[in-house]
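Peer 1: Could you have a look at this structure, given as structure tokens, before my questions?
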Amino acid sequence: MRDNILRYLRENELIAPGATLVCAVSGGKDSVCLLHMMLSLQDELQITVEAAHLNHQLRGAESDRDEAFVKSLCESLGVRLTVSRADVLSRCKQTGESVEEAARVLRYQFFESLRKPVATAHTQDDNLETVLLNLVRGTALRGLCGIPPKRGRIIRPMLCVSRAEVEAYLEQHALSHVEDSTNASSLPLRNRLRHEVVPLLMRENPKLSSSVFQMCEILREEDAYLDGAAASLLRLAKLPDGGWSCHVLRDAPDALLLRAMRQLLSELSVSKPSRAHVDALMRLVSGTTDGSQSITLPGGKILCRSYDKLAPDLRESPASFAPKKLSLDDETEIPELSLRVSCRFVKNFEKSMLSPCTFALRYDTIEAPKDLLIRPRKQGDEIRLQGGRKTLKKLFIDRKIPASQRELVPVVTDGARVLLVYPFAVSSEHGAQPGEAALLIQFMHEKEYIQKEDTQ
């Protein structure tokens, strides 16, 4: 195990000679093994080893016990220790994040504050769980690459070993540890995968974690190659006066163009673009119209295409928009969003009438069809979905709509009730079925997708 980790560190150039490496120590099996192992390697690697512990304050006395254990461990090993505390629950209230996500964010903020390379104790088994988690949630190639051996200042020296090897190492060296009681819970999805799914898969392939680790190494190489090809495409498409040539971009294979568009959004500092935004950008680039088109992205950034040129628009996006009454059998314009909304009655609704920007509301469930309103969300707004009622705040958080953009999401109401949130939610009470009388609501020049300007 020791030789394996040493080889992995050197092959991936995870730590440079002369560096001070901080081991993230929770007190659990993996982190205790990590600290002990790196101490044994510090002379060969010519590094200095320290430790850090973050008390998340989520488990009361148990969290304090873990902190005390890590302090005692580091004192016995003669290791310098940095301890900090995080208020995870306060962050959850402020951001709407889950406890797990908030804890992760605060943990990595703490690591970043140390301003030194930080080693975490992720193993092959953690990598397997991450790949499965990404598969369950839906992923592209990058999600199948698993946990990277290095990201910024964070390194993972133990990705090459299994949890079983860690346990054997602790027994061999008579090392004690503490147990996190939440690891036994089946509530987090990762824990359910660990306790229920992975054992079933391991029966079919006892070396599954090692096999997935090898797969991830191969896929990371392929992912890096494709990233390089996408970067080359953007350089080739770059125009002397700024912006990019749509002609050059759209001649690329779709798979490469998709990756290039994600890189372009990263260059523009667009945070967490949805697949809908990326698809809209793909359509913007691939279109053949000679007129002008634009797309509005998270954070209010605008990308414009004028003939063959794609370039950012530095105009500011509006903060909100004025409510408008929807006129039956007519169009309602919302100039702040460059958006037009039409509303028409159909006696017999058919599914073929729907599109990504056309929605059907059951006519006889709407109290006052003539009083339909399109407006920004209000505090306390909620919508009934298949799983029950959900506040629009929670809906926007689930959909990862940035706070700065939530007042720009069109909401259709009949006065008191939310009927439709464009473009991703129709009330389960009011969605029309085939054959029913319905109101068709169509959005044109839509905010989150392509906004097409009138060139006539």
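Peer 1: Full extension from Glu350 to Ala164: what is 0.36 nm times the residue separation minus their Cα-Cα distance, to one decimal in nm? Mind showing how you got there, number by number?
Peer 2: On the way: separation 186, 0.36 × 186 = 66.96 nm, distance 5.75 nm.
Extending this stretch completely gives an extra 61.2 nm.
Peer 1: Specify whether the C-alpha gyration tensor of segment 195-341 places it in the rounded, prolate or oblate class, a ≥ b ≥ c being the square roots of the eigenvalues: rounded for a/c under 1.5, otherwise prolate if a/b is larger than b/c and oblate if not.
Peer 2: On the way: a/c = 2.93, a/b = 1.58, b/c = 1.85.
In terms of gyration-tensor shape, oblate.
Peer 1: For Thr82, what residues show an amide H to amide H distance below 5 Å, using hydrogens built from the backbone and excluding near sequence neighbours?
Peer 2: Sorted by chain and number, the residues that satisfy this are Ala51, Ala52, His53.
Peer 1: What GluC sites (Glu not before Pro) in segment 13-87 are in a loop by DSSP, with at most 11 other Cβ atoms within 10 Å of the Cβ? Each step should come with its number before you reach the end.
Peer 2: Working: sites: Glu13, Glu44, Glu50, Glu62, Glu67, Glu75; in loops: Glu13.
Those that pass, being in a loop and sparsely packed, are Glu13.
Peer 1: Where a Cα-Cα gap under 24 Å defines reach, which lysines qualify for Lys71, not counting those fewer than 8 residues away within the same chain?
Peer 2: Lys29, Lys116
Peer 1: Students often check this: by mean Cβ neighbours within 10 Å, which of 32-43, 323-334 ranks highest, and how do the rest follow? Let's see the in-between values first.
Peer 2: Values: 32-43: 20.0, 323-334: 14.2.
The densest-packed peptide leads the list: 32-43, 323-334.
Peer 1: With the crude spin-label approximation of a point 7 Å out along Cα→Cβ, what separation in nm comes out for Asn4 versus Ala231?
Peer 2: The modelled label-to-label distance comes out at 3.2 nm.
Peer 1: Calculate, for Glu112 and Ala416, the FRET efficiency according to 1/(1 + (r/R0)^6) with r their C-beta to C-beta distance and R0 45 Å; round to the nearest 0.05. Could you put the intermediate results ahead of the total?
Peer 2: Values: r = 47 Å, r/R0 = 1.03.
About 0.45, to the nearest 0.05.
Peer 1: Filter the trypsin sites (Lys or Arg not before Pro) in segment 55-85 down to the DSSP loop ones having no more than 15 other Cβ atoms within 10 Å, then list what survives. Numbers along the way, then the final one.
Peer 2: Working: sites: Arg59, Arg65, Lys71, Arg80, Arg85; in loops: Arg59, Arg80.
Loop-located and lightly packed - Arg59, Arg80.
Peer 1: Given the DSSP H assignment, sum -39500 (n - 2.57) over each helix run of at least 4 residues in the chain and divide by its residue total; what's the result at 222 nm in deg cm²/dmol, nearest 500?
Peer 2: Values: 15 runs with 174 residues, N = 456.
After summing the helix terms and dividing by residue count, I get -11500 deg cm²/dmol.
Peer 1: Could you give the nm distance between label points at Ile218 and Gln46, where each point is 7 Å from its Cα heading toward the beta carbon?
Peer 2: 3.7 nm
Peer 1: Next up: What distance in nm separates the two pseudo spin-label positions at Ser327 and Met202, each 7 Å out from Cα along the beta-carbon direction?
Peer 2: 6.8 nm
Peer 1: In addition: If you take the beta carbon distance between Ala140 and Ser98 as r and set R0 to 30 Å, what does 1/(1 + (r/R0)^6) give as a FRET efficiency, to the nearest 0.05?
Peer 2: On the way: r = 22 Å, r/R0 = 0.75.
Between Ala140 and Ser98 the formula returns 0.85.
Peer 1: A further question follows. Can you list the aspartates and glutamates whose alpha carbon is less than 12 Å from that of Lys351, not counting same-chain residues fewer than 8 positions off?
Peer 2: Glu436
Peer 1: Let me ask another. Starting from segment 200-272, pick out the GluC sites (Glu not before Pro) whose DSSP state is loop and whose Cβ has at most 15 other Cβ atoms within 10 Å.
Peer 2: Details: sites: Glu204, Glu217, Glu221, Glu222, Glu267; in loops: none.
Within segment 200-272, no GluC sites (Glu not before Pro) qualify (loop, at most 15 other Cβ atoms within 10 Å).
Peer 1: If each residue of separation counts as 0.36 nm, what is the full-extension length gain between Ser76 and Ile302 once their alpha-carbon separation is subtracted?
Peer 2: Using 0.36 nm per residue and subtracting the Cα-Cα distance, I get 75.7 nm.
Peer 1: Hey, got the Cα dimensions of the chain along the principal axes, in Å, largest first?
Peer 2: Computed over the chain, the largest-to-smallest principal extents equal 78, 54, 43 Å.
Peer 1: Take the alpha carbon gyration tensor of segment 2-205, find the square roots of its eigenvalues, order them as a ≥ b ≥ c, and report rounded if a/c is under 1.5; if not, report prolate when a/b exceeds b/c, else oblate. Please report the intermediate quantities before stating the final value.
Peer 2: Details: a/c = 1.39, a/b = 1.13, b/c = 1.23.
Rounded shape, in that the Cα axes give a/c under 1.5.
We did not get these values from a lab; they are worked out from the coordinates using the rules stated. Just so it is clear, the structure is predicted and the values come from calculations on it, not from any experiment. We place every Cβ from the backbone using ideal geometry, glycine too, and count neighbours over all the protein chains shown.
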